[in-house]
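Enquirer: Okay, handing you the structure first.
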Amino acid sequence: MAQTPLAGVKILDLTNVLAGPFCCHQLAHMGADVIKVEVPGSGDLARKLGASPGLNEVNMGVSFLAQNAGKRSITINLKTKSGKQVLKKLVRRADVLVENFRPGVMERLGVGYKTLIGENPKLIYCAISGFGQDGPLRNLPAYDQIIQGMSGIMSITGDANSAPLRAGYPVADTIGGMTAAFAITAQLAVPERKGPCFLDISLLESALSTMGWVVSNFLIAGKIPAPMGNDNFTASPSGTFKTGDGLINIAANKQQQFEELCRIVKLDRLITDPRFATRQARLENRKGLNAELENVLAAKPAARWCALLQAAGIPSGEVLSLPEALAQPQIARRGLIENFDNVPGLQQDIRIAAPGFKIDGRSPRAATPPPQLGAHTRKILSGLGYTPQEIAALFEEGAV
């Protein structure tokens, strides 16, 4: 099917919390068979995270539900000899293994890259870590907020009074997960791939890579970025403006857009005003231009100004809360929200955000809801050739 370009691809997801699970979330929605390998008894830490204490209590926290649809769950104790053997059997049938332990942990467990490619010489092994597999910081632990601070993201978020400021969601972890998913799919696409591949994903480098404009402004032009609040550093008027009711974002980045904006708000005189007549002049006199515009925008609510500006082709939009954003007819029409009814272990329906794209006009969907911890352990072991007696012994030993 057009919606499942990774159908037949087998992924082992040994990851926890966000970056790794988000990576495999993308792959599952593209049709890959993702087996989530979790620690017996506790599983992914995200199972205990989220805004619902009740769901956290049953190991199905909202943070877990958000990015584990379409996966199967097996519990394996990798500290046991039998558990290692189960993983090796899974690796023999897998195309990709994804892990986000600190560098060296898998080796200490006896199931590192060199060991596993001995089991599967064509394995794509993807290691996600805070700082990468080498360098002076390789052994340091890292969460999203640590990376936001060390990448410079926080230094340019907020304004002169509030920066440095953390972004409002785990942007560094999410970027790292998307980077990993991209690297994996690129490697899967290599024609007639013959050997193994080690993918080394650094959250720090992934974050810096997405900061291309501000990085290059410094590296090439020597411009040190500064926190500018809601103003766009590339153009003016381009940012957030107060209206009679609510905030509006306007991005009149082109000369034609600026002039049309002036006509709509009845400030035609600004078109020829030497302070604002050219792009560079508007950047240098941003504060004065913003004041002129907000003085007029105060006459109407944000929704009304948006209607007028959008009709004229000027990029603009209201500044919405998350509930308002999700309630937009555009979101409903595009089918971003994915629904699962009566999820096992919850006895309730859940809704999550699917990947934000379509394939041949259809949004990708996961085939199954997020799994209960170890829900597929017996079935997966049986598929590996273990007998019922052997499976019982693995449980008795604590290997699974």
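Enquirer: Can you name the residue in the stretch 318-372 that is among the aliphatic types (A, V, I, L, M) and in a loop (DSSP other than H, G, I, E, B) and is also nearest to residue 59 (Cα to Cα) among such residues?
Expert: Filtering the stretch 318-372 for residues that are among the aliphatic types (A, V, I, L, M) and in a loop (DSSP other than H, G, I, E, B), the one nearest to residue 59 (Cα to Cα) comes out as 346.
Enquirer: Report, by residue number, each residue of the stretch 118-163 that is farther than 19 Å from residue 200 by Cα and either part of a loop (DSSP other than H, G, I, E, B) or not assigned by TED's automatic domain parsing to the domain that holds residue 206 (or both).
Expert: If the condition is that a residue be farther than 19 Å from residue 200 by Cα and either part of a loop (DSSP other than H, G, I, E, B) or not assigned by TED's automatic domain parsing to the domain that holds residue 206 (or both), then 152, 153, 157, 158, 159, 160, 161, 162, 163 are the ones that fit.
Enquirer: For the subset of the stretch 221-245 comprising residues that are part of a loop (DSSP other than H, G, I, E, B) and among the small types (Gly, Ala, Ser), which member is farthest from residue 289 (Cα to Cα)?
Expert: Filtering the stretch 221-245 for residues that are part of a loop (DSSP other than H, G, I, E, B) and among the small types (Gly, Ala, Ser), the one farthest from residue 289 (Cα to Cα) comes out as 222.
Enquirer: Out of all the residues in the stretch 14-31, which are within 20 Å of residue 100 (Cβ to Cβ) and over 16 Å from the mean Cα position of the chain (by Cα)?
Expert: Passing the criteria: only 14.
Enquirer: Can you confirm whether the stretch 100-114 contains a residue that is more than 28 Å from residue 395 (Cα to Cα), touching a residue at least 60 places away in the same chain (Cβ under 8 Å), surrounded by fewer than 20 Cβ atoms within 10 Å (Cβ to Cβ) and over 24 Å from the mean Cα position of the chain (by Cα)?
Expert: no
Enquirer: Taking the residues in the stretch 124-141 that are touching a Lys or Arg at 6+ places or on another chain (Cβ under 9 Å) and in contact (Cβ under 8 Å) with a residue 40 or more places away in the chain as candidates, determine which candidate is nearest to residue 172 (Cα to Cα).
Expert: Looking at residues that are touching a Lys or Arg at 6+ places or on another chain (Cβ under 9 Å) and in contact (Cβ under 8 Å) with a residue 40 or more places away in the chain, I get 130.
Enquirer: Working only within the stretch 164-210, note down all residues that are part of a loop (DSSP other than H, G, I, E, B) and either surrounded by 18 or more Cβ atoms within 10 Å (Cβ to Cβ) or not assigned by TED's automatic domain parsing to the domain that holds residue 106 (or both).
Expert: Once the filter is applied, which keeps residues that are part of a loop (DSSP other than H, G, I, E, B) and either surrounded by 18 or more Cβ atoms within 10 Å (Cβ to Cβ) or not assigned by TED's automatic domain parsing to the domain that holds residue 106 (or both), the stretch 164-210 yields only 170.
Enquirer: I'm told residue 229 meets every condition in (1) more than 30 Å from residue 134 (Cα to Cα); (2) without any contact (Cβ under 8 Å) to a residue 60 or more places away in the chain; (3) outside the structural domain of residue 314 (by TED's automatic domain parsing) except one. Can you identify the failing condition by its number?
Expert: Answer for residue 229: the failing condition is (2).
Enquirer: Spot the failing condition for residue 325; the list is (1) out of contact with any helix residue (DSSP H, G or I) (no Cβ under 9 Å at 6 or more places or on another chain); (2) within 19 Å of residue 243 (Cβ to Cβ); (3) exposed (fewer than 15 other Cβ atoms within 10 Å of the Cβ); (4) of a type in the set (A, V, I, L, M), and only one is missed.
Expert: Just one mismatch for residue 325, condition (1).
Enquirer: Being of a type in the set (Phe, Trp, Tyr) and modelled with pLDDT under 95 is the filter here, so list the residues in the stretch 189-217 that pass it.
Expert: 213
Enquirer: Also: Residue 242 versus (1) charged (D, E, K, R); (2) modelled with pLDDT of 95 or more; (3) crowded, with 17+ Cβ neighbours inside 10 Å: which is the lone unmet condition?
Expert: That leaves (3) as the condition not met.
Enquirer: Consider residue 218 carefully, then state whether it is in a loop (DSSP other than H, G, I, E, B), within 30 Å of residue 142 (Cβ to Cβ), not assigned by TED's automatic domain parsing to the domain that holds residue 157 and not hydroxyl-bearing (Ser, Thr, Tyr).
Expert: Answer is no for this residue.
The values are calculated or read from the model by the stated rules, or taken from the named source; none is laboratory data. All of these numbers come straight from a predicted model, not from anything done at the bench. Counting neighbours? That spans all protein chains shown, and the Cβs are built from the backbone with ideal geometry, glycine included.
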